[in-house]
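A short write-up of the structure that comes next.
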Amino acid sequence: MNAAVPDAFGDTLAEGAPHVSTADALAILRQHYGLTGTARPLPGERDHNFHIQTDGEGEFVLKISHPAEEPGFTDFQNKALDHILAIDPTLPVPSVRKSLQGEAQFAVSVGGAAPRIVRLVTYLPGQLLSRSPASAAQDRNLGIFLARLGRALRGFFHPAAGSDLLWDIRKVAKTRPMMAHITDAGRRAMVERAIDAFEEHAAPVIPKLRAQIVHNDMNSYNVVMDASRPEVVSGILDFGDMIHSPLICDLAIGAVYRWPAEGHPLAPAARFVAGYQSVQPLEVEEIGILFNLIRARLALIVNIATWQAERFPAKRDYVLRHGAEVWASLERLDGLSSIDARQYFLDHSNPE
């Protein structure tokens, strides 16, 4: 069975992007920003990104978008970063560096291929959350940070916020065809149960919940921690999955990456939620579907990742980087009922 990505989601995941070399990146940097230095490729799902160390003007990330990326969506990201820094300047998010022509973004053809949107943002130093030792304090601080980010975005809107995005939990049922790439029948059934539970318990409630523009991708490769104090958040990266969505969906995504530890599998996630609630209290209806949203996000990860790994073998290691943790989480959470999980969050995720 050959599963195809649903047409409604566009082409940025369904098609590979032409290669961009380090020399190409440095030429763009010099011509359009008047900067010189070194460039190191960074991994990415859709775009080509480079860590730039300039000669005397700091560090940046040069972002060269997928050819299918709409200019309005990158403009959405630029304006969101500007808004966040205007509302809460203490939040460590990248800032946009304008070109010599005063542009936040512009299109160039790289290697004779179709024009691609180029942007330059500041580089946030630190250690990726994926490489930082976990702790209860870290769980809580991450929740606090996400709530602050949501508050900074709450008065912001952009026409691109309604984009049809594959990484939208609410669309998880549309990824059912991708389950064909999960070869283990037991695992495939587990993913199907997670999607079924979402459709039964969460989907009917979601339209009633408060919503706004959210980051939508607080995964452990998008968060930077203080290298000397791994419980302290020093930045959040990659605003490329932003969307107008219920707040609880944004929280569920971050909770997924507080991987189950010894003891109750939801303990780290509950600490994360408690930190969030110390800034942004949740409503009962939101807590009621949180567990189903967490499982749905896990299902979304494995469906998209297994599909991408088969379609783009060169990106296999990147797209499957969460594989072991995700499957372990799905297995542990599969044994919990929605009622028991809801009660656990009610009992253990209150702010102290």
**Asked** Could you give every pair whose Cβ atoms fall below 7 Å, whose first residue belongs to segment 164-186 and is farther than 25 Å from PRO246 by Cα and small (Gly, Ala, Ser), and whose second residue is outside any helix (DSSP H, G or I) and open to solvent by 50 Å² or more (accessible area, probe 1.4 Å), counting only separations of at least 6 or pairs across chains?
**Response** ALA180/MET1
**Candidates GLY44, GLY102, GLY72 - the one that is at pLDDT 95 or above and closer than 26 Å to ALA160 by Cβ** = GLY102
**Prompt:** Since ASP55 meets every condition but one in (1) open to solvent by 30 Å² or more (accessible area, probe 1.4 Å); (2) free of Cβ contacts under 8 Å to residues at least 24 places away in the same chain; (3) closer than 15 Å to PHE239 by Cα; (4) touching a strand residue (DSSP E or B) at 6+ places or on another chain (Cβ under 6 Å), which condition does it not meet?
**Reply:** (3)
**Item:** Whichever residue in segment 58-77 is crowded, with 20+ Cβ neighbours inside 10 Å and assigned to a helix (DSSP H, G or I) and, among such residues, is nearest to the chain's Cα centre (by Cα)
**Value:** GLN77
**Item:** Selection count where residues are under 30 Å from LEU35 (Cβ atoms) and assigned to a loop (DSSP other than H, G, I, E, B), scope segment 133-160
**Value:** 2
**Complete:** Those residues of segment 313-326 which are under 18 Å from ALA255 (Cα atoms), open to solvent by less than 30 Å² (accessible area, probe 1.4 Å) and in a helix (DSSP H, G or I) amount to GLY323, VAL326
**Request:** May I ask you to list the residues in segment 293-312 that are open to solvent by 60 Å² or more (accessible area, probe 1.4 Å) and in contact with a helix residue (DSSP H, G or I) (Cβ under 7 Å, 6 or more places away or on another chain)?
**Result:** GLU310
**Cβ pairs under 6 Å, 6+ apart, first in segment 206-230 and under 15 Å from GLN280 (Cβ atoms), second hydroxyl-bearing (Ser, Thr, Tyr)** = ALA211/SER245; VAL214/SER245
**Request:** Enumerate the pairs (first residue in segment 125-138 and in contact (Cβ under 8 Å) with a residue 60 or more places away in the chain; second residue anywhere and β-branched (Val, Ile, Thr)) with beta-carbon separation below 6 Å, excluding pairs fewer than 6 apart on the same chain, so at least 6 apart or on different chains.
**Result:** GLY126/VAL224; LEU129/VAL223
**Message:** If ALA114 satisfies all but one of (1) aliphatic (A, V, I, L, M); (2) at pLDDT below 95; (3) under 18 Å from ILE213 (Cα atoms), what's the number of the condition it fails?
**Reply:** (3)
**Asked** Going by the structure shown, is LEU35 at pLDDT 95 or above, part of a loop (DSSP other than H, G, I, E, B), farther than 26 Å from LEU153 by Cα and open to solvent by less than 70 Å² (accessible area, probe 1.4 Å)?
**Response** yes
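Each row is one residue, and each column tells you yes or no for (1) closer than 30 Å to ASP184 by Cα; (2) without any contact (Cβ under 8 Å) to a residue 40 or more places away in the chain; (3) outside any helix (DSSP H, G or I).
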residue: SER234; (1), (2), (3): no, no, yes
residue: PHE239; (1), (2), (3): no, no, yes
residue: GLY263; (1), (2), (3): yes, yes, yes
residue: GLY288; (1), (2), (3): no, no, no
residue: ILE304; (1), (2), (3): yes, no, no
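The values are calculated or read from the model by the stated rules, or taken from the named source; none is laboratory data. Just so it is clear, the model here is predicted, and its values are computed rather than measured. Note: ideal-geometry Cβ built from the backbone for every residue, glycine included; neighbour counts use all protein chains shown. Note: areas computed on protein heavy atoms with side chains; ligands, DNA, RNA excluded. Shrake-Rupley method; radii C 1.70, N 1.55, O 1.52, S 1.80 Å.
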